[in-house]
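Q: Please see the structure below; I have some questions.
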Amino acid sequence: MNLLIIGCGRTGAGLAQTLTLRSHAVTVIDRDQTAFERLGPHFKGKTVTGSGIDREVLHQAGIEHADGLAAVSGADEINVVVARVASQVFRVPRVVARLYDPRKAEIYVRLGVQTVAPVTWGLHRMAELLSFSELHPTVSLGSGEVDLVEMPLPPRLAGRTVRDLTIPGEVHVAALTRGGKTFLPTLGTVLQPGDQVHLVVLAASADRLNALFALR
């Protein structure tokens with residue numbers, strides 16, 4: 001994939017290196033040429049010096065052929081402008097903007113800008129790690145509002161059904177791993193000893209999830 005990254009701070013440089021290691025063609029844009037030093041001597045992508053809101057710079061970076069763009073400069077306003085231009089003008093299929101102010105995220109989502117708010121995500125993630133006890137969050141979705149959680153089935157729950165582990169709108173069993181094979185269960189699937197349970201959980205429902213599995 002051809003991917004553009006706007007901003008070569010720590011996040012932009014780290015993202016560029018990660019995507020390059022995954023064999024993507026990466027181009028990084030930053031107005032400060034010295035910022036590209038963060039990419040290291042072995043970076044195999046391209047760099048373009050200039051402003052990410054300058055259309056000539058975007059053309060030089062090859063935005064017409066981009067499959068995705070990440071706007072991760074140090075300014076929320078620039079990231080949103082770049083993301084909207086990339087999506088609406090150049091029709092880049094996948095666009096995401098990093099926002100420092102999580103209060104603005106909902107507004108920009110309504111404008112069609114997919115956002116990541118590290119502060120909000122970090123707060124949710126730390127809360128999960130402190131409160132999930134034996135439950136193990138594997139992936140956080142959105143800005144941390146929803147988690148994918150997996151855990152071995154407690155022996156006391158063997159013989160129950162998937163329906164018994166479901167709280168509509170809060171906790172759902174996404175999959176079960178049994179005997180080395182993972183499958184999608186129905187609400188009537190009976191849980192067996194040794195099952196690994198994969199759950200989709202609303203982050204705000206962590207306490208209810210713990211209570212559910214402890215049968216309190």
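Q: Taking interchain pairs and intrachain pairs at least six residues apart, which have beta carbon atoms under 7 angstrom, with the first residue in region 175-190 and touching a residue at least 60 places away in the same chain (Cβ under 8 Å) and under 16 Å from V149 (Cβ atoms) and the second of a type in the set (D, E) and surrounded by 10 or more Cβ atoms within 10 Å (Cβ to Cβ)?
A: Short answer, once both residue conditions are applied: none.
Q: Is it fair to say Y100 is within 20 Å of T11 (Cβ to Cβ) and touching a strand residue (DSSP E or B) at 6+ places or on another chain (Cβ under 7 Å)?
A: Details: within 20 Å of T11 (Cβ to Cβ): yes; touching a strand residue (DSSP E or B) at 6+ places or on another chain (Cβ under 7 Å): no.
Criteria not met by Y100.
Q: Hey, another quick one. Test L3 against the stated conditions and say whether it is within 21 Å of the chain's Cα centre (by Cα), on the phi < 0 side of the Ramachandran plot and buried (at least 19 other Cβ atoms within 10 Å of the Cβ). Full working, then the answer.
A: On the way: within 21 Å of the chain's Cα centre (by Cα): yes; on the phi < 0 side of the Ramachandran plot: yes; buried (at least 19 other Cβ atoms within 10 Å of the Cβ): yes.
Yes.
Q: Being free of Cβ contacts under 8 Å to residues at least 40 places away in the same chain and of a type in the set (A, V, I, L, M) is the filter here, so list the residues in region 59-81 that pass it. Talk me through it step by step, then tell me what you get.
A: Here is the first cut: in region 59-81, the residues free of Cβ contacts under 8 Å to residues at least 40 places away in the same chain are 59-60, 64, 75-77, 80-81.
Once the filter is applied, which keeps residues that are free of Cβ contacts under 8 Å to residues at least 40 places away in the same chain and of a type in the set (A, V, I, L, M), region 59-81 yields A75, V80, V81.
Q: Please determine, by comparing only the residues of region 82-132 that are in the same structural domain as S51 (by TED's automatic domain parsing) and among the acidic types (D, E), which one is modelled with the lowest pLDDT.
A: E106
Q: Taking T49 and the conditions (1) surrounded by 17 or more Cβ atoms within 10 Å (Cβ to Cβ); (2) modelled with pLDDT of 95 or more, which numbered condition does it fall short on, given that it satisfies the others?
A: (1) is the only condition that T49 fails.
Q: Just to be sure I understand, how many residues within region 14-50 are over 20 Å from the mean Cα position of the chain (by Cα), farther than 19 Å from A86 by Cα and either of a type in the set (S, T, N, Q) or not assigned by TED's automatic domain parsing to the domain that holds D67 (or both)?
A: Of the residues in that region, 2 qualify.
Q: Test L135 against the criterion of being outside the structural domain of L69 (by TED's automatic domain parsing), modelled with pLDDT under 85, within 26 Å of R94 (Cα to Cα) and not acidic (D, E), and give yes or no.
A: Numbers: outside the structural domain of L69 (by TED's automatic domain parsing): yes; modelled with pLDDT under 85: yes; within 26 Å of R94 (Cα to Cα): no; not acidic (D, E): yes.
Judged against the criteria, L135 is not a match.
The values are calculated or read from the model by the stated rules, or taken from the named source; none is laboratory data. Model, not experiment: these values are computed from the prediction. Cβ atoms come from the backbone with ideal geometry, glycine included; neighbour counts cover every protein chain shown.
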